[in-house]
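Q: One structure is given below, represented as structure tokens, and several questions about it will come after.
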Amino acid sequence: MADVRILLVGDKAVGKTSLVLALVSEEFPNIVPPKAEEITIPADITPERVPTQIVDFSMSEQTEDQLVSEIRQANVVCVVYSLIDPGSVDSVSSHWLPLLRKHRQADKPVPVVLVGNKSDASERSQLPTVLKVMNSYPEVETCIECSAKLLHNLSETFWFAQKAVLYPTFQLYRPDDKE
Ligand code: GTP
Ligand code: MG
């Protein structure tokens with residue numbers, strides 16, 4: 001298997017860049033640039049032993065065309081929302097998942113992992129809502145809640161993304177089967 005290329009998208013300020021920087025430095029960054037540099041994690045330190053690229057995206061620095069180009073290159077997309085921003089949860093199904101479908105060939109949807117960040121700041125899980133979204137979008141392989149601030153569930157998040165590429169469960173799904 002070639003490299004796994006993981007793209008992070010989601011509304012502004014949900015913590016995409018913080019997640020990437022916290023994963024690589026094992027420290028929550030107090031100052032975050034809009035976009036993290038693309039990083040490659042060598043095969044021997046990833047749980048599934050495949051070289052893995054992590055690609056951050058920031059609407060404030062990049063264009064819609066660049067987003068489309070990144071979506072086409074990705075093997076898996078993490079759609080990130082914030083547990084303390086209900087609007088960012090709504091955007092997962094109203095904006096991001098339809099956008100990902102639009103820019104992929106119909107017969108090759110990109111596997112998706114839904115990532116709820118900032119669990120440190122919220123008492124409430126969004127998993128009940130997210131599970132409903134998963135029913136409508138079979139390309140969503142899994143979901144997880146994490147905290148870049150507490151370094152909680154970070155390696156698990158990227159491991160889930162790797163697994164979604166290596167062991168996808170939705171091969172039989174065709175968009176035409178859905179209403
Ligand atoms: P854009 O690049 O603008 O799309 O934002 P982003 O999604 O990359 O978010 P960014 O990493 O810049 O973080 C936005 C704000 O959320 C910053 O003030 C972070 O410190 C904060 N933040 C990120 N992760 C967490 C977290 O796990 N918990 C808490 N409490 N705050 C966080
Ligand atoms: Mg960012």
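Q: Rolling a 1.4 angstrom probe over the protein heavy atoms, how many square angstrom per residue are accessible across region 117-173?
A: Computed with neighbouring chains in place, this is 54 Å² per residue.
Q: Where Rh denotes the Kirkwood radius from the mean inverse Cα pair distance, what is Rg over Rh for region 29-141?
A: With Rg and the Kirkwood Rh in hand, the quotient comes to 0.96.
Q: Which ³J(HN,Hα) values in Hz, rounded to whole numbers, follow from the phi angles of region 135-147 under the Karplus curve 6.51 cos²θ - 1.76 cosθ + 1.60, where θ = phi - 60° and Gly and Pro get x?
A: Along region 135-147, the couplings run 5, 8, 10, x, 5, 6, 7, 6, 9, 7, 10, 8, 9 Hz.
Q: Name the aspartates and glutamates eligible as straight-distance cross-link partners of Lys12: C-alpha to C-alpha under 16 Å, and not fewer than 8 places from it in the same chain.
A: Hits, sequence-local ones excluded: Asp56, Glu61, Glu64, Asp85, Asp90.
Q: Charges at C-beta only: +1 for Lys and Arg, -1 for Asp and Glu. How large is the resulting dipole of region 1-81 about its Cα centre, in Debye rounded to 20?
A: 140
Q: How large a share of the accessible area of the chain, in percent, is made up of carbon and sulfur atoms when the probe is 1.4 Å and the other protein chains stay in place?
A: Carbon-and-sulfur percentage of accessible area, whole number: 51.
Q: Still on this structure, I have one more. Pull up the cross-link candidates among the lysines for Lys16, meaning alpha carbon to alpha carbon under 16 Å and not fewer than 8 places away within one chain.
A: Partners within reach: Lys35, Lys118, Lys149.
Q: Please calculate how many Å² of accessible area region 8-112 carries per residue, with a 1.4 Å probe and no DNA, RNA or ligand atoms counted.
A: That works out to 49 Å² for each residue.
Q: Could you tell me what % of all Cα pairs in region 1-85 have separations over 17 Å?
A: 49
Q: Counting other Cβ atoms within 10 Å, which GluC sites (Glu not before Pro) in region 103-151 have at most 13 and lie in a DSSP loop?
A: Glu123
Q: Any idea how far the Cα center of region 106-149 sits from the one of region 48-102, in Å?
A: For region 106-149 versus region 48-102, the Cα centre distance is 12 Å.
The values are calculated or read from the model by the stated rules, or taken from the named source; none is laboratory data. This is a predicted model, so every value here is computed, not measured. Cβ coordinates were reconstructed from backbone atoms using ideal geometry, including for glycine residues, and neighbour counts include every protein chain displayed. The area values use the complete protein model at the heavy-atom level, side chains included, leaving out ligands, DNA and RNA. Shrake-Rupley method; radii C 1.70, N 1.55, O 1.52, S 1.80 Å.
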